[in-house]
Each structure stands twice: as structure tokens, then as C-alpha cells.
1. What's the number of the only condition in (1) farther than 30 Å from residue 353 by Cα; (2) in a helix (DSSP H, G or I); (3) without any contact (Cβ under 8 Å) to a residue 24 or more places away in the chain that residue 172 fails to meet?
2. Could you check residue 340 against (1) closer than 30 Å to residue 261 by Cα; (2) in contact with a helix residue (DSSP H, G or I) (Cβ under 7 Å, 6 or more places away or on another chain) and say which number it fails?
3. If the Cβ limit is 7 Å and pairs must be 6+ apart or interchain, which residue in segment 70-94 that is farther than 23 Å from residue 111 by Cα pairs with which residue that is in a helix (DSSP H, G or I) and at pLDDT below 85?
4. Can you name every residue in segment 231-246 that is over 23 Å from the mean Cα position of the chain (by Cα) and not in a loop (DSSP other than H, G, I, E, B)?
5. Which residue, of 151, 130, is part of a helix (DSSP H, G or I), surrounded by 18 or more Cβ atoms within 10 Å (Cβ to Cβ) and on the phi < 0 side of the Ramachandran plot?
6. Going by the conditions given, is residue 258 farther than 30 Å from residue 162 by Cα, modelled with pLDDT under 85 and under 23 Å from the mean Cα position of the chain (by Cα)?
7. Which condition number does residue 319 fail, the rest of (1) in a helix (DSSP H, G or I); (2) more than 30 Å from residue 73 (Cβ to Cβ); (3) at pLDDT below 90 being met?
8. Kindly evaluate residue 327 against the criterion of being touching a helix residue (DSSP H, G or I) at 6+ places or on another chain (Cβ under 6 Å), without any contact (Cβ under 8 Å) to a residue 60 or more places away in the chain and in a helix (DSSP H, G or I).
């Protein structure tokens with residue numbers, strides 16, 4: 001008997017202790033999703049890469065360069081001078097031979113260093129700064145877009161978990177209600193005021209309520225694990241998530257650009273920066289160079305041929321076959337394409353916001369109607385409960401009304417969740 005009692009207590013504890021650990025709020029899951037998002041980290045790394053690229057371009061356009069150079073040229077011949085045939089790897093002179101004309105091409109040795117300093121590179125570096133700034137802004141905007149999208153996705157998954165949680169609580173309340181009716185009908189059966197079949201009907205309804213609770217618990221576990229997976233959380237423990245109420249976000253001011261149109265503005269700036277970068281090849285280029293080392297054509301007395309030289313190199317493109325004009329026309333078409341996409345994206349955003357507001361209005365009307373009907377069902381069930389005790393109403397009639405109420409309660413829970421999802425969608429586009 002003691003063992004049986006112990007097992008019963010364990011079953012009760014296991015049933016009611018399920019998911020009793022307190023869960024984290026919605027903000028916690030949002031922050032976890034942001035911290036564990038590989039796309040966000042990729043964009044952050046791209047920003048750092050842009051800064052490193054800017055430093056490289058600064059070195060290329062404004063800093064001096066020092067490089068070591070060298071070459072060693074062999075000109076072999078077959079010599080027949082003085083009546084002797086001989087192969088010479090690197091002949092410096094000869095009169096009767098087979099091979100390259102030594103007057104045109106003779107062996108030489110050159111080794112030294114060249115120092116070069118760009119003199120007109122600051123304008124090119126300013127263009128590189130402009131391009132890097134735009135690229136960094138594009139990467140940061142991608143981060144904001146990814147964060148915004150993650151917040152919506154996490155919110156929707158969180159709301160699905162709350163729907164399952166509400167259905168679990170609802171199933172428990174139905175089970176408690178049926179349990180109370182079972183106690184009443186059992187006493188009536190013992191006193192001969194009710195039939196045994198009524199108890200069986202209540203038992204069947206109780207099993208149906210238990211199945212609903214188990215299904216809701218399973219769905220809650222699945223949605224919670226999906227939420228953890230989305231946020232990069234490795235915990236597999238079932239916890240009770242706190243309730244969250246979605247509020248409609250206040251619209252931004254008219255002069256503030258939307259997050260969804262910001263990317264098109266940055267694309268336009270990127271087109272301008274790319275055009276400026278292309279036009280760099282038409283700027284005059286002036287470099288100062290100094291080289292020094294060993295340069296010798298005759299390999300004897302090579303130590304006497306160390307020296308150095310200095311000079312300027314200048315280049316400037318005068319005519320390119322209208323390449324510059326064609327590039328500018330391409331940029332104009334690109335701007336036109338960006339404007340078209342921007343206008344279309346803004347139109348869709350405004351239409352989706354209006355659609356969300358219209359749906360919210362309908363949801364509010366339906367919610368009021370369902371709540372009113374549920375209140376009426378509550379009154380009917382309360383009256384039926386009194387009439388069952390008096391033997392005026394059958395249990396079957398009571399269960400018929402109860403099933404209608406259960407279905408309406410499910411509809412109301414789904415409606416409330418859908419309304420929360422629509423608010424989340426509205427806030428997503430109203431940014």
C-alpha cells in the first residue's frame with residue numbers, strides 16, 4: 001500500500017512539475033539570436049575588412065615603395081676565332097661565331113633597388129575613402145536588416161510557443177471542470193438520480209481533454225526547441241515562457257527614411273563611388289623614382305659600375321575611345337533601376353502596413369464577438385451544472401454545450417495569437 005501511494009505521488013509530481021522552470025523573456029532570445037547569427041558576424045567582419053583595405057590603398061596611393069630588382073642575361077655563341085671551335089656561355093666579344101649578334105645583344109648583369117614615391121596620389125586616396133565608407137555603410141545596413149529580420153522571426157516563434165502554452169492551460173482548466181462534474185454525477189448515480197452511462201460519457205470527455213493537453217505539450221516542446229535552434233541555444237529543457245503583449249510601434253517621422261529604402265540610397269551612393277573610382281585612370285599620374293645598384297655589360301671590373309639614377313614618370317590619358325562616356329551612361333541606367341526598385345519596395349511596404357491595420361481591425365471585431373459568445377456559454381454551463389444536480393438536464397446536453405465552448409475557446413486562442421503575429425508584422429514593416 002505504501003509503495004502504491006509513493007508511485008501515485010510520483011506521477012502527480014511528474015505531471016504538474018512539467019515545464020515549471022521559469023523561462024527567459026523574449027528579449028533574451030532576441031539577443032541570443034543576434035549574438036549567434038553567422039550572417040551578422042560575416043557583415044561585421046566585412047566592415048573590418050573594408051578598413052584593412054582602406055589602409056592598403058592608402059599605402060599604395062600615398063606611401064613610397066621600395067623593391068629589389070635584378071637580372072642576369074647570358075648570350076651563348078659558338079666561336080671559331082683563331083681557327084678554334086669553342087662554345088662560350090657568355091661571350092663579350094668575337095668576330096667569327098654563330099649566335100646572336102654581339103653588337104645587338106650581349107650579356108649583362110643588373111642588381112639594385114628602386115624607390116618610388118607617388119606625388120599625386122592624395123586625390124585617388126580620397127576616392128578610395130569614399131568607396132570604403134559606402135561599403136562599410138552597406139555592411140552596417142545589412143547588419144541592421146538581419147537584426148530586424150531576426151527579431152521578427154524570433155517573435156513569431158515565441159508567439160507560437162505561447163499559443164501552445166495557452167492551450168495547455170486551457171486543457172487543464174477543462175480537465176478540472178470535468179473532474180468536478182464527475183464528482184457530482186458520481187454522487188447522483190449512487191443515489192439513483194443519474195445513470196452510469198453519464199459517468200462513462202464524462203470519462204470519455206476527460207480522456208479527450210487529456211489528449212488535447214498531451215498534444216499541446218508536444219507541440220510546445222517542438223516549438224520551444226525550434227526557438228532554441230533559431231537562437232543558437234543548446235538547452236533542451238522545457239521551460240515556461242513568460243507572456244508578452246505586442247504593441248503597435250509608432251510610425252517614424254516623415255523626414256526619416258525607412259530601413260527598407262535605406263539600402264537603395266546606399267546602392268545609389270555606391271554607384272557614384274564606383275564611377276569616381278573608374279575615373280581615377282583619367283587623372284594625371286606623377287611618380288618620383290630613385291634606383292641604385294650594379295649594372296654592367298662587361299663582367300670584368302664589375303666593382304667599378306656601381307651607380308644610381310633618379311627621375312620622374314608622368315602619364316595622363318587623353319583619349320580612350322569614349323569609354324568614359326559609356327561608363328557614365330551605364331551609371332545613369334543603374335540609378336534609374338535603383339529608383340524603380342526603391343519606389344516599388346516603398347509601395348509594397350505601405351500596402352503591407354495598411355493590410356495589417358485592416359486585419360487588426362477585423363480581429364478586434366471578431367475577438368469581441370467570440371468573447372461575448374464565450375461569456376454566454378459560461379452562463380449556460382453554469383445553469384446546466386445547477387440543473388444537472390436537480391436532475392433536469394442530462395449530461396449529454398451538458399457535454400454538447402461544453403464541446404462547443406471548447407471549440408470556441410480554441411478559436412479565440414488562435415485569433416489572439418494571429419492578432420499578435422499581425423502586430424509583429426506591422427512593426428516589422430513600420431521601421
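1. Going through the list (1) farther than 30 Å from residue 353 by Cα; (2) in a helix (DSSP H, G or I); (3) without any contact (Cβ under 8 Å) to a residue 24 or more places away in the chain, residue 172 breaks only (3).
2. Checking residue 340 against (1) closer than 30 Å to residue 261 by Cα; (2) in contact with a helix residue (DSSP H, G or I) (Cβ under 7 Å, 6 or more places away or on another chain), the one that fails is (2).
3. Going by the 7 Å Cβ cut-off, the qualifying pairs are 94/81.
4. As a first pass, look at segment 231-246 and keep what is over 23 Å from the mean Cα position of the chain (by Cα): 236-245.
Within segment 231-246, just 240 meets the criteria.
5. Values: 130 fails: surrounded by 18 or more Cβ atoms within 10 Å (Cβ to Cβ).
Being part of a helix (DSSP H, G or I), surrounded by 18 or more Cβ atoms within 10 Å (Cβ to Cβ) and on the phi < 0 side of the Ramachandran plot holds for just one of 151, 130, which is 151.
6. yes
7. Every listed condition holds for residue 319 apart from (1).
8. So residue 327 fits the description; yes.
The values are calculated or read from the model by the stated rules, or taken from the named source; none is laboratory data. All figures in this text were calculated on a predicted structure; none of them were measured in a lab. Cβ atoms come from the backbone with ideal geometry, glycine included; neighbour counts cover every protein chain shown.
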